[in-house]
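Have a look at the structure below, then the notes.
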Amino acid sequence: MEDVLIRVTDRPQLKDPILVEGLPGVGNVGKLAADYLRDQLHAKPLASVYSKFFPPQVYVNEDGIIRIVSNELTYRRAQKPGEHDLIILGGDYQGISPEGQYELTHRVLEFCHGLGVKEVYTLAGFAQGHVVEQPRVLGAATSEERVNAMKAHGVVFSRNDPGGGLIGASGLFLGLGRTFGIEGVCLMGETSGYFVDPRSAEAVLKVLTKILGVAVDFSELESKAQEIDRIAQKIHEAEQRPSESQREPAREDLGYIG
């Protein structure tokens with residue numbers, strides 16, 4: 001088996017497609033957003049990505065049928081003037097090693113560049129180490145022009161955040177993308193970093209859909225966010241009632257993007 005194998009499902013002719021990447025990471029913000037966008041837009045299968053750089057694992061469904069872990073590329077053609085064709089990358093894992101991260105990113109970019117991609121948006125979570133009730137969307141971009149364009153959509157570019165730069169696929173798709181002449185933006189939703197965060201994913205997706213000019217019904221994602229809010233509230237209440245024999249140590253602040 002090759003280190004990275006891209007098994008093509010369809011060979012559509014796309015016009016100036018935009019790549020949207022959302023793989024598992026902090027709070028699963030990027031994955032939630034990309035998967036929700038794919039489902040809402042009824043994106044069609046394009047290609048499956050298999051790799052030695054994923055964990056040696058298969059999933060088993062309720063009927064006992066297995067499938068090997070993978071990443072999936074789907075596509076959606078523009079539906080009206082002003083929209084772009086889209087390619088959406090989601091999946092089970094990022095690469096489990098630095099070598100794997102680079103190889104997987106390079107191969108996917110190479111494939112998408114061959115389909116005409118010149119622009120990429122990567123979606124991620126930015127961990128703050130505490131519950132964020134109204135998450136901001138932070139940004140990083142490949143040019144000053146794109147920074148200014150994102151500010152018009154309410155994206156925050158902070159002098160100190162993200163400290164240490166972007167880690168993982170959300171950063172590499174921008175960095176390596178430039179070697180293919182692909183420019184782009186990373187949209188990071190603030191999140192606690194402690195659990196899956198649909199509210200942060202919703203914040204990121206609301207910005208992205210405005211940029212792309214596509215309409216999405218957020219009601220299902222909002223319901224998931226409310227459920228997580230209820231869970232977080234119960235955890236908070238439990239933390240406010242430590243046992244007399246043992247107090248839970250305070251959690252340290254986090255600062256990580258993925």
For the stretch 43-96, enumerate the residues that are in contact with a Pro (Cβ under 7 Å, 6 or more places away or on another chain), surrounded by fewer than 20 Cβ atoms within 10 Å (Cβ to Cβ) and of a type in the set (A, V, I, L, M, F, W, C). V69, I96
What is the residue count in the stretch 1-18 for residues that are modelled with pLDDT of 95 or more and among the acidic types (D, E)? 2
Subset tally (residues that are free of Cβ contacts under 8 Å to residues at least 40 places away in the same chain and assigned to a helix (DSSP H, G or I)) for the stretch 10-49: 1
Top-ranked residue in the stretch 210-244 [being modelled with pLDDT of 90 or more and over 19 Å from the mean Cα position of the chain (by Cα); ranked as nearest to Y194 (Cα to Cα)]: S223
When every residue in the stretch 179-214 that is part of a helix (DSSP H, G or I) and hydroxyl-bearing (S, T, Y) is compared, the one surrounded by the fewest Cβ atoms within 10 Å (Cβ to Cβ) is T179
What do you reckon, is F111 of a type in the set (F, W, Y), touching a residue at least 12 places away in the same chain (Cβ under 8 Å) and not in a helix (DSSP H, G or I)? no
Could you say which residue among D35, D3, D16 is surrounded by fewer than 16 Cβ atoms within 10 Å (Cβ to Cβ), touching a strand residue (DSSP E or B) at 6+ places or on another chain (Cβ under 9 Å), among the charged types (D, E, K, R) and closer than 21 Å to L174 by Cα? D16
Determine if the stretch 119-127 includes at least one residue that is more than 15 Å from the chain's Cα centre (by Cα) and either buried (at least 17 other Cβ atoms within 10 Å of the Cβ) or assigned to a helix (DSSP H, G or I) (or both). yes
Name the single residue, out of those in the stretch 166-178 being of a type outside the set (A, V, I, L, M) and in contact (Cβ under 8 Å) with a residue 60 or more places away in the chain, that is farthest from A124 (Cα to Cα). G177
Any hit, the stretch 101-108, residues being outside any strand (DSSP E or B) and either among the aliphatic types (A, V, I, L, M) or at pLDDT below 95 (or both): yes
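The values are calculated or read from the model by the stated rules, or taken from the named source; none is laboratory data. Predicted model only: the values in this text are computed from it and were never measured. Neighbour counts are summed over all protein chains in view; Cβ atoms, including those assigned to glycine, are modelled from backbone coordinates with ideal geometry.
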